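Trainee: The structure that follows is given in the form of structure tokens.
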Amino acid sequence: MDREHRLPHSTLDLERAGRIGQPEVVFGEGKSAAQVADALDVLAGAAGFAFATRVGSEKAGLVQERLGGRGEYDGVARVLWLGTPPPLEGRVAVVSAGTSDEGVAAEAERALELLGNGVLRVRDVGVAGLHRVLARVEELRSCSAIVVVAGMDGALPSVVGGLVSCPVIAVPTSVGYGASFGGLAALLAMLNSCAPGVTVVNIDNGFGGAYAASRVNRARAAATP
């Protein structure tokens, strides 16, 4: 296989999955529908499957039109994929604090599945009602990794991090009132977590949290006899 494929607007990495175990993924925001479609077409042609994140519904329709009606789309996650996704292995939890965090949580969930991971969805279990997450602890402990999505005070990852032994990846969201500063307050709270070992990705980066958790899950699956 060629190492890369050059398009007029981008250079696609065709060997990424071979190097790191996970493929290149197209970031759709800021790209035209034609650019997204061309990239997906090349990547899926080389590997049988590809997906793009941050694709709005209008752009998704234009991408599918350019692809001759091919491709599937999740409007909540804003993820569009082409080809046959890999089989699911293991299980990663995506825990979200509130319904307002659903878009970021959905991006993480869909990305995890498209990267070949089973997903446990645990939604609307924020710390304002702590009993909700405590009721799911045994399920969470059965997972290889946990992605925790929260805005407002950003406290949920610290709670989860003190209850489980697997890696916890925190995703701050831009949900909250004025003093949340577009998710900065949640980001800083997560970076200052008193639960040792909580890892933090950028604001609203559900995909980044999923990609990291997928690496953990796949490594665990590979190490299991």
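The values are calculated or read from the model by the stated rules, or taken from the named source; none is laboratory data. Please read all numbers here as calculations on a predicted model, not as lab measurements. Cβ: placed from backbone, ideal geometry, glycine included. Neighbour counts: every protein chain shown.
Table: residues versus (1) touching a Cys at 6+ places or on another chain (Cβ under 8 Å); (2) surrounded by fewer than 20 Cβ atoms within 10 Å (Cβ to Cβ); (3) part of a loop (DSSP other than H, G, I, E, B).
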| position | (1), (2), (3) |
| --- | --- |
| Arg70 | no, yes, yes |
| Val92 | yes, no, no |
| Gly118 | no, yes, no |
| Val125 | no, no, yes |
| Leu163 | no, yes, yes |
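Trainee: Right, next: Quick one: Val76 ticks every box in (1) over 16 Å from the mean Cα position of the chain (by Cα); (2) surrounded by fewer than 23 Cβ atoms within 10 Å (Cβ to Cβ) except a single one, so which number is it?
Mentor: The number of the failed condition is (1).
Trainee: Continuing with the same structure: Kindly list the number of the only condition in (1) in a helix (DSSP H, G or I); (2) within 22 Å of Thr53 (Cβ to Cβ); (3) polar (S, T, N, Q) that fails for Ser174.
Mentor: Just one mismatch for Ser174, condition (1).
Trainee: Right, another one. May I ask you to verify whether Tyr177 is of a type in the set (Ser, Thr, Tyr) and within 12 Å of the chain's Cα centre (by Cα)? Spell out the reasoning first.
Mentor: On the way: of a type in the set (Ser, Thr, Tyr): yes; within 12 Å of the chain's Cα centre (by Cα): no.
No: the conditions fail for Tyr177.
Trainee: May I pose another question? So, in region 91-140, exactly how many residues are of a type in the set (Lys, Arg) and either within 16 Å of Asp204 (Cβ to Cβ) or within 12 Å of the chain's Cα centre (by Cα) (or both)? Spell out how you get there, then give the answer.
Mentor: Filtering region 91-140 for residues of a type in the set (Lys, Arg) gives 91, 110, 121, 123, 132, 136.
If we keep only those that are either within 16 Å of Asp204 (Cβ to Cβ) or within 12 Å of the chain's Cα centre (by Cα) (or both) as well, we get 110.
Qualifying residue count for the region: 1.
Trainee: Oh, and also: Return yes when Gly208 is without any contact (Cβ under 8 Å) to a residue 40 or more places away in the chain and either not β-branched (Val, Ile, Thr) or not assigned by TED's automatic domain parsing to the domain that holds Ala47 (or both) and no when it is not. Show your work before the answer.
Mentor: Details: without any contact (Cβ under 8 Å) to a residue 40 or more places away in the chain: yes; either not β-branched (Val, Ile, Thr) or not assigned by TED's automatic domain parsing to the domain that holds Ala47 (or both): yes.
Against the criterion (without any contact (Cβ under 8 Å) to a residue 40 or more places away in the chain and either not β-branched (Val, Ile, Thr) or not assigned by TED's automatic domain parsing to the domain that holds Ala47 (or both)), Gly208 qualifies.
Trainee: Only one of Gly69, Gly116 is farther than 27 Å from Ser174 by Cα and in contact (Cβ under 8 Å) with a residue 12 or more places away in the chain. Can you tell me which? So that I can check it myself, show each step before the final result.
Mentor: On the way: Gly69 fails: in contact (Cβ under 8 Å) with a residue 12 or more places away in the chain.
Only one candidate passes the filter, namely Gly116.
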